[in-house]
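Accompanying notes for the structure given below.
The values are calculated or read from the model by the stated rules, or taken from the named source; none is laboratory data. Everything quoted here is computed from the prediction, not taken from an experiment. When we count neighbours, we look across all protein chains shown, and the Cβ atoms used for this are built from the backbone with ideal geometry, even at glycine.
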């Protein structure tokens, strides 16, 4: 519990102080914010801790009884790592910080439903929130860079993995559902020139209807947009120029338009689009678009089936390895750079409910090491293709053991060893920093290493 909790608050603590506190009655006496810890020239405010805990409560996260002490310990640890990172001149670029800020803002917008609601809850504009986030995100990245430096040479041996596993009481070992490691090779056949020209012509007609106000964007999107992410939202997205998850051609087109302007049809890897810029403020913009995916015919699908059937024959014969086939043939962006293996919460191990329903059907009669027949496939964007599925491993429901779960246990043992090395680093480094801790928190058991360090430093 403690490990999970510390990982969680490490990401929360740098963000929540940017949100406004609820208004307080003028007649009610309140305690002003105060510094509760100092590490070198870094400070921790009481509001940093209070806001982190409040944010966890809003998210429905279980908070342990010693949450205040744990959160303060984590905050002080981050500050110490930042101090050393600055001393060692570890690099963190402005671009890295900006990317993290944009990702965080998008997550908050999704959480609250809109930019306006986010600004209402925060009591600040998005621009102000970004400014408030900068120092915290920079500190978090510096702290992570310093932690990585401390533990970068830590390795784990098979004997240490066995010893780690032996220390766990049998009744505390986790139970796992049936899990699989599964890969896929997906080929999306290219539509004919006629199909592409038809998609472009449709978009030209939509553009003319919009510009002459015969139809509005919402009506066209609801009936014709093939982007499931925006179809029911009038085709609208709130975007930022630095977003890495958007098609670069699409993003470039969005920021080349004037407000209100509608683009001519253009092509991306998803299909053909028209795009309208609604508004823009610096690197932020609100846009609408319509996506049309040129439809492939039974002829193209049949040719692709035959192509993948040939690939499958080579895999079965052993003249080609699965990873090689993925690299040469697969169009699936999500798995192309993982040797075709699908990824989940525990790396490549997936439970059945994490697979799409069509894949579950394809795997029904597969045995470990086998490849499915080529099957027609439609991805989450509506794009049609053909795929074959490879079942690499499969486990039955079981209690954790070294035979079935060695990699998972090894990773956990390695993380435990890294945390031990980090604790040793703290014990060595903390006495070299100026430490001040508020009297109200000195009785926290988690503060012992900090109070001991403060006492050691004062004697030197």
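Kindly establish whether residue 95 is surrounded by 13 or more Cβ atoms within 10 Å (Cβ to Cβ), farther than 24 Å from residue 74 by Cβ and assigned by TED's automatic domain parsing to the domain that holds residue 418. Even if it seems obvious, please write down each step before you answer.
Values: surrounded by 13 or more Cβ atoms within 10 Å (Cβ to Cβ): no; farther than 24 Å from residue 74 by Cβ: yes; assigned by TED's automatic domain parsing to the domain that holds residue 418: yes.
In short, no.
Considering only the stretch 352-389, how many residues are farther than 18 Å from residue 314 by Cα, assigned to a loop (DSSP other than H, G, I, E, B) and without any contact (Cβ under 8 Å) to a residue 24 or more places away in the chain?
3
How many of the residues making up the stretch 211-230 are crowded, with 17+ Cβ neighbours inside 10 Å and within 24 Å of the chain's Cα centre (by Cα)?
Start the filter on the stretch 211-230 by keeping residues that are crowded, with 17+ Cβ neighbours inside 10 Å, which leaves 217, 220-221, 224-227, 230.
After this cut, where a residue has to be within 24 Å of the chain's Cα centre (by Cα) as well, the list is 227, 230.
Looking only at that region, the number is 2.
In the stretch 320-341, which residue that is at pLDDT below 90 and in a helix (DSSP H, G or I) is surrounded by the fewest Cβ atoms within 10 Å (Cβ to Cβ)?
337
Kindly indicate the residue of the stretch 106-136 that is under 17 Å from residue 245 (Cα atoms) and touching a strand residue (DSSP E or B) at 6+ places or on another chain (Cβ under 8 Å) and also surrounded by the fewest Cβ atoms within 10 Å (Cβ to Cβ) among those meeting that condition. Quick ask: steps written out before the conclusion?
Residues of the stretch 106-136 under 17 Å from residue 245 (Cα atoms): 106-110.
Keeping just the survivors that are touching a strand residue (DSSP E or B) at 6+ places or on another chain (Cβ under 8 Å) gives 106, 109.
Working: 106: 15, 109: 17.
Within the stretch 106-136, the match that is surrounded by the fewest Cβ atoms within 10 Å (Cβ to Cβ) is 106.
Restricting to the stretch 305-319, and then to whatever is closer than 30 Å to residue 273 by Cα and more than 33 Å from the chain's Cα centre (by Cα), can you tell me which residue is surrounded by the most Cβ atoms within 10 Å (Cβ to Cβ)?
Step one: filter the stretch 305-319 for residues closer than 30 Å to residue 273 by Cα, giving 305, 307-308.
Imposing the further condition that a residue be more than 33 Å from the chain's Cα centre (by Cα) reduces the set to 305, 307.
On the way: 305: 19, 307: 15.
Step by step, filter the stretch 305-319, then rank; the result is 305.
Assess whether residue 369 counts as being within 23 Å of residue 331 (Cα to Cα), in contact with a strand residue (DSSP E or B) (Cβ under 8 Å, 6 or more places away or on another chain) and exposed (fewer than 14 other Cβ atoms within 10 Å of the Cβ).
Numbers: within 23 Å of residue 331 (Cα to Cα): yes; in contact with a strand residue (DSSP E or B) (Cβ under 8 Å, 6 or more places away or on another chain): yes; exposed (fewer than 14 other Cβ atoms within 10 Å of the Cβ): yes.
Answer is yes for this residue.
Could you please find all residues in the stretch 64-81 being surrounded by fewer than 24 Cβ atoms within 10 Å (Cβ to Cβ), more than 15 Å from residue 446 (Cα to Cα) and touching a helix residue (DSSP H, G or I) at 6+ places or on another chain (Cβ under 6 Å)?
none
Just to be sure I understand, how many residues within the stretch 374-400 are loosely packed, with under 13 Cβ neighbours inside 10 Å and farther than 30 Å from residue 168 by Cα?
Matching residues across the stretch 374-400 total 2.
Given (1) under 27 Å from residue 344 (Cα atoms); (2) not in a loop (DSSP other than H, G, I, E, B), identify the lone condition not met by residue 155.
For residue 155, the exception is condition (2).
Can residue 418 be described as in contact (Cβ under 8 Å) with a residue 12 or more places away in the chain and part of a strand (DSSP E or B)?
Details: in contact (Cβ under 8 Å) with a residue 12 or more places away in the chain: yes; part of a strand (DSSP E or B): no.
Spelling it out, it is not the case that residue 418 is in contact (Cβ under 8 Å) with a residue 12 or more places away in the chain and part of a strand (DSSP E or B).
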